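Any read-out appearing in this document is the output of simple, stated calculations on the displayed coordinates, not a laboratory observation. Bear in mind that the values here come from a model prediction, so they are computed numbers and not experimental data. No Cβ is skipped: glycine too gets one built from the backbone with ideal geometry, and neighbour counts run over all protein chains shown.
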Amino acid sequence: MFEQVEAFHRPASVREAVRLLVSRKGKARIVAGGTDLVVEGDPNVRALIDITHSGLNYIRARNGAVEIGAATTMAELRESRVIRALVGGVLARAAATCGSVQIQAAATIGGNVAHGSPAADLVTPLVMLDAALVLADAKGRRKMALADYLASRGTKALRQSIVVAVVVPGVKGRRCGWSFQKLGRTALDISLVNVAAGVALDRAGRVEWARIALGSVAPTVIRAGSVEASLRGRKFDRSVIADAEAAVTQSVHPIGDVRAPAEYRRAMSGVLTRRALEECAAQAGCGL
Amino acid sequence: MKSMELRVKVNGQARKWTITPGDLLLDVLRREGFFGVKRGCEKGECGACTVLVNGRAVNSCLMFAAKLEGCEVLTIEGLAENGQLHPLQAAFLDHGAAQCGFCTPGMILAAKALLDRNPHPSEDEVREAIAGVLCRCTGYRKPVDAVLAVAGVPEEVA
């Protein structure tokens, strides 16, 4: 399938990987696990740049934030104590739903982000968490909000950069609850809809802030910003959750495709939002 | 066509193979005679091509061979030692856990990767570990029982 590939590079540093990417002028592709790239089977690729030996396999907690190297696999994420303890373990749970054990052993967080699928399971909780990316290009490294990256992913500048790390910022809040919900046809399937949510409550049980991200219902993962705002300050109970379910169902405009009709995705966006908020309530010690 | 050298250990033996930069592990292994590595869907859905790389189960159809420089690969051919079947192979036979046999190498290797990390898994853990290998003949009850038998977990009474 990849007979036309002329070179397979295994750079030992990000700097070298960037140099190779730039020098190949659009004919090179970055590869880590390969689980998306191989299936895609791009006939134009002439060089592969494997970044799994470029020092990008790490999980570091620093000043409340956690930085995850782009070549960290789904298996490593789900097994990591740091990731399992972070924000209710939502990232570990999302990683554990990314295909089979075999896929998880190869697929990486950087690949899940850079491939840009609207159904990418890790991206939904990362968008919910206001994650940022560290990008490397010929000029050096820079940070970019994940949401901005997703919106501008196809641009020429970004095609000449490499996602080298994902940064999950620390979270402020006394009583927090978190959830990741995924609906696929079977446990191994790509998401028809996925939802990540986080809620912080004050002493009186009112919503300090709420975050809801939805995957597979738009060209990229989206935040339900107006719904989040409408929850703020309200006592977190069943009626608030029912309102959020209805509002999310109203606000999304998914496509229909071979996997599910648009109406089903829309209805399930609401249902998964409800389930996610119910789990957040339970985690935050809120009786409903 | 450009070629390159790949040094890997396969089933304990050091190998030096000439490959092309775009070769997939599945194709290289079969070209070198490891026919226990099955060609199924070629997109990471069916798991028939499962091998272990450094102890973890992967889909060899999705993995560039060049990535494996210096790695250890285990295929089903490397499981029996001195003519003695591996306990998982024996258990699959005892339990009638194979029918056409096409998925069996992947199923056994996926189970081995699990047991090497977690010698006494629950039934759910066994089911998750082999969920990436599709069987279209017998279903999963017998393979699950076979793996649980090796793990020393009492079988569920059907």
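Over segment B:87-150, the fraction of Cα-Cα pairs per 10 Å bin, rounded to whole percents and listed from the shortest bin up, is 25, 63, 12. Indicate the gyration tensor shape class of the protein assembly as shown (rounded, prolate or oblate), computed on the Cα atoms with a ≥ b ≥ c the square roots of the eigenvalues: a/c under 1.5 is rounded; otherwise a/b larger than b/c is prolate and the rest oblate. In terms of gyration-tensor shape, oblate. By the Cα gyration tensor, segment A:59-168 has an equivalent ellipsoid whose semi-axes, rounded to whole angstrom, run 22, 16, 12 from largest to smallest. Here the alpha carbons of segment A:183-235 define both size measures, Rg and Dmax, at 13.9, 40 Å.
Top mean-square fluctuation among A:119, A:187, A:131, Gaussian network model of chain A, C-alpha springs under 10 Å? With Cα springs under 10 Å in chain A, the top fluctuation among A:119, A:187, A:131 is at A:187.
Could you tell me the center-to-center distance, by alpha carbons, between segment A:265-288 and segment A:236-255 in angstrom? One Cα centre to the other: 10 Å. How charged is the neighbourhood of residue A:69? Take every other residue with its Cβ under 11 Å from the Cβ of residue A:69, and add Lys/Arg as +1 and Asp/Glu as -1. Net charge around residue A:69: -1. The string of couplings for segment B:74-84 from the Karplus curve (6.51, -1.76, 1.60, θ = phi - 60°) is 10, 10, 4, 5, x, 7, 6, 10, 6, x, 9 Hz, one whole number per residue in order, with x for Gly and Pro. The Kirkwood hydrodynamic radius of segment A:121-273, based on inverse pair distances between different Cα atoms, is 16.6 Å.
Give me the net charge for the shell around residue B:6: Cβ to Cβ below 9 angstrom, other residues only, Lys and Arg +1, Asp and Glu -1.
0
All C-alpha to C-alpha distances of segment B:4-75, sorted into 10 Å bins beginning at zero, yield P(r) values of 22, 61, 16 percent in whole numbers.
Each part gets one Cα centre, and for segment B:73-128 versus segment B:3-62 those centres are 18 Å apart.
Expressed in units of 2.2 N^0.38 Å, where N is the residue count, the Cα radius of gyration of segment A:13-110 is 1.19. For segment B:36-158, the Kirkwood estimate of the hydrodynamic radius, built from every pair of different alpha carbons, is 14.5 Å.
With bins 5 Å wide beginning at 0, the percent of Cα pairs of segment A:7-50 falling in each bin runs 6, 23, 34, 24, 11, 2.
Highest mobility in the GNM of chain A, judged by mean-square fluctuation with C-alpha springs under 10 Å and restricted to A:277, A:133, A:56, is found for A:56. Here the 3J(HN,Hα) profile of segment A:33-49, calculated from phi with Karplus coefficients 6.51, -1.76 and 1.60 at θ = phi - 60°, is x, x, 5, 8, 4, 5, 5, 4, x, 4, x, 8, 6, 10, 9, 10, 10 Hz, Gly and Pro shown as x. A DSSP coil position with no more than 11 other Cβ atoms inside 10 Å describes the following trypsin sites (Lys or Arg not before Pro) in segment B:67-137: B:136. Hey, how many Å between the Cα centroid of segment A:37-59 and the Cα centroid of segment A:108-176? Spelled out, the Cα-based centre of one part sits 17 Å from the other. For segment B:40-98, GluC sites (Glu not before Pro) meeting the loop criterion (DSSP other than H, G, I, E, B) and having at most 16 other Cβ atoms within 10 Å: B:69.
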